[in-house]
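Data first, discussion second: the structure below is written as structure tokens.
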Amino acid sequence: MHSNVNPFPIQEYLGYVDTRVGTAASIADITVTEVEEPMGYVSPIVGNPSALTHWTPQTAKWTERVITVPVPYWYDQEKIQGFRGTRYPNGAVVGDWGPMCIMPMTGNVVIDADARASKFSHDNEIAKPHYYSVKLDDYDIKAELTAASKTGFFQFTFPESKSSSVVIDGVYVPGHFKVIPEKNEIEGYMVIAGHFRNHFVAQFDKEFEAYNVDLLPNVVNADLVPNGFKAAYFNNDKLEGKPEGFENYSELNYEWLKAPIDGIKDDFFSAIFTGTLIARHTGEHTFELTTEDGTRMYINDQLAIDKWQYRAAGTERYKINLTKGKKYDIRIEYYDGSGSTLMQLRCAEPVKLDPKLGPQMALKGADGNAVYVTFATKDQEKVKMKVGTSLIDIAQARANMEEEFPDFDFNKAVGKGADVWEKELNMIQVEGAENDKAIFYTALTKCFVNPRNLNEGGRYFSPFDLQVHEGQMYTDLSIWDTFRSLHPLWVIVKPQETTDIINGMLNAYQEGGWLPKWPNPWYRSIMMGTHADAVIADAYVKGIRGFDTNLAFEAMLKNANEKGNRGFSGRVGIEHFNEIGYVPADVFGFYGEPVARTLEFSYDDYCIAQMANALGKADFYEEFMQRSKRYINVLDKETGLVRGKKLNGEWLPPFDKSISVWARGTDHDTEVYYKNHTLLVPHDIPGLADFMGGEEKLVDYLDEFFEKDM
């Protein structure tokens, strides 16, 4: 039963693909810095290309390695916690937004992901972009998964059991769940960083014998902290210096899209919340703290929760025995990075709930850590489960499910997914050894996972103004990475989708005021440059049409000339770049990426020039071609390399590590950074050769660069 032989016929190209490639650390000796590791940050994703929701086995919520990331699956981990509906951008180091996790089991129901996790063997896995299967050894359950764009489809083969169950949770945050037993359905949603919701409808082909919601603590801060909380805010993310503002709160249950008070920056601020709790009962209390980004919680100056790191929204729990009538000092330290701000505190008192309350509330709909349904199963009984998702509402989630998988024919669904991916991979045909084809088609599969298409029946929920619109919207665009090669590939093999992506960018511009840089799902302060300029210009000069070129050029000019919002939009340092011709290293602080910004702004200006030329805007073409030469201002003749420059024109010391987070670490790490970035002039190779002393000198530089594997 649990053979790893694929039960479905593989067509010409899918046979070469294994989506687990990249989920383990590379064993090759490759060049990485101390802030990197030789990992792909990918998971064995299942679903259509650019799906609204992908699905994958989850071996961990978070993994603390060199970089703490919410990548769902790691090859070297030995247990599976469930199967995640994910929007983690495959291959990136950012956040997962609005995930949910599904876990089948037998015996007593276990909610906690670590506690319920089952051992598995890679020998029992099949990992394709349209299908995944594995045996959950601890429960003797075979789990199979296929998916379309907005719907996941599971088939669980259970052993004989009087108590077989399926658990659904929100991974990092609680959810709202409602069980509809007469329809064999569960519906609900998870709130995404306080901004909007991931709605879902889960439909089974088997009746429920029991159901329950693991209810949230029903105590709010105001009940236990009668005088509320005092907050001190700092205009940095390190709690440094004097507070810039203060505020009082009756409870901590807030979601901020912008600065929480006047005088504080929208992002990269920090705060200290203090209050006095008076216990109403004696016994074990459970605190639940839900935040986005870094947080620490102290009770009577004793560290209780420590998650001091950039991260997506998540909930941490801490249990402690308190004494009735006694006072306890609560202090919560918090810092905000990019994106939204979320702060919610709950506490469960040692009061036993009526065991009937969970099932009763499940029928009405209730907030909870998880929901589960239970039924008896015969040996080898297959239970099927479809999960439709939507950012718009529950009705749309149900419509998505009914459109993509109108029945419970699992094998037909798998075949449909295989056909989709065969068509994708057939766009490029290669010759060569079988192993080379496996590498190529597995890599090509990953080229089509993202960006994420938010279109649902002609509508989309916009992360940029939180409204529903008609038209196109894509997110999880890793533009700093993908403008170099992925988008040019899409121009060739996916011209219509390229038009749709650009229209989505322009919709984001109209709804949020700026072209996106690295949306996940909204504006994110990630990486340098405004490379949507490059994506749009490259597409247009290669013949892509079907978008408003005047609006696009307007948005590109805004990137080039107006100061943005601390990296979320526009170019950090653009005012200095336009005034003195470079981004000064001493103004933008430690690891402020001044050299990279100068180089990338120059390249983006070159792209704007090409767009202007194609549109017949001669004056703009001349202006931006001149601007594109500013890279020379951070190339140093003395060292023959890039070099940081101060506002007054003085150079930083050669090989100064402070110019980039990627330059720190060993001296070799620093050398790798400097020699790589010196080549970041793709738009003016003759100019780079002149700087180096001629074409032969550039060739010598490149020979040494590759010989040393820089």
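Observations on the model:
- Rounded to the nearest Hz, the phi-derived 3J(HN,Hα) couplings of region 409-424 under the Karplus curve 6.51 cos²θ - 1.76 cosθ + 1.60 (θ = phi - 60°) are 7, 5, 4, 5, 5, 4, x, 5, x, 4, 4, 4, 6, 4, 5, 4, where x marks glycine and proline.
- Couplings 3J(HN,Hα) for region 398-406, derived from phi with the Karplus relation 6.51 cos²θ - 1.76 cosθ + 1.60 (θ = phi - 60°), are 5, 5, 4, 5, 5, 6, 7, 9, x Hz, where x marks Gly and Pro.
- Here GLN302 and ASP114 are evaluated by their C-beta separation; at R0 = 25 Å the FRET efficiency comes out at 0.60.
- Across region 104-113, computed HN-Hα scalar couplings (Karplus, 6.51 cos²θ - 1.76 cosθ + 1.60, θ = phi - 60°) run x, 7, 10, x, 5, 6, 10, 8, 4, 5 Hz from first to last residue, x flagging Gly and Pro.
- Taking region 548-628 and dividing mean pair separation by its residue count, relative contact order in percent (alpha carbons under 8 Å, at least six apart): 20
- For GLY529, the residues whose modelled amide H falls within less than 5 Å of its own, excluding neighbours fewer than 5 places apart on the same chain, are VAL572.
- Subtracting the Cα-Cα distance of THR282 and ASP354 from their residue separation scaled by 0.36 nm leaves 24.0 nm.
- Taken along the Cα-to-beta-carbon direction at a fixed 7 Å, the label points for ILE685 and GLN309 span 4.2 nm.
- Where only DSSP H runs of four or more residues are counted, the chain gives -7500 deg cm²/dmol as its mean residue ellipticity at 222 nm, each run worth -39500 (n - 2.57).
- Packing-based ranking of 598-610, 494-506 yields 598-610, 494-506, ordered from highest to lowest mean Cβ neighbour count within 10 Å.
- For region 297-372 and region 49-102, distance of Cα centres in Å: 23
- Within region 646-677: backbone nitrogen closer than 20 Å to the LYS637 label point (7 Å, Cα to C-beta): 646, 648-655
- For VAL171, residues with placed amide H under 5 Å, excluding near neighbours: CYS101
- Spin-label model, ASP703 to ALA395: label points 7 Å out along the Cα-to-beta-carbon direction sit 7.1 nm apart.
- For region 400-530, lysine pairs separated by 8 or more sequence positions, or belonging to different chains, with Cα-Cα distances below 16 Å total 4.
- With contacts taken as Cα pairs under 8 Å and at least 6 residues apart, the chain reaches a relative contact order of 12 percent.
- Relative contact order, whole percent, for region 472-707 stands at 14, derived from Cα pairs under 8 Å and 6 or more residues apart.
- For the chain, the longest principal axis of the C-alpha atoms and the axis of helix 695-707 are separated by about 30°.
Every number in this text was worked out from the coordinates using simple rules, so none of it is lab data. Please read all numbers here as calculations on a predicted model, not as lab measurements. Counting neighbours? That spans all protein chains shown, and the Cβs are built from the backbone with ideal geometry, glycine included.
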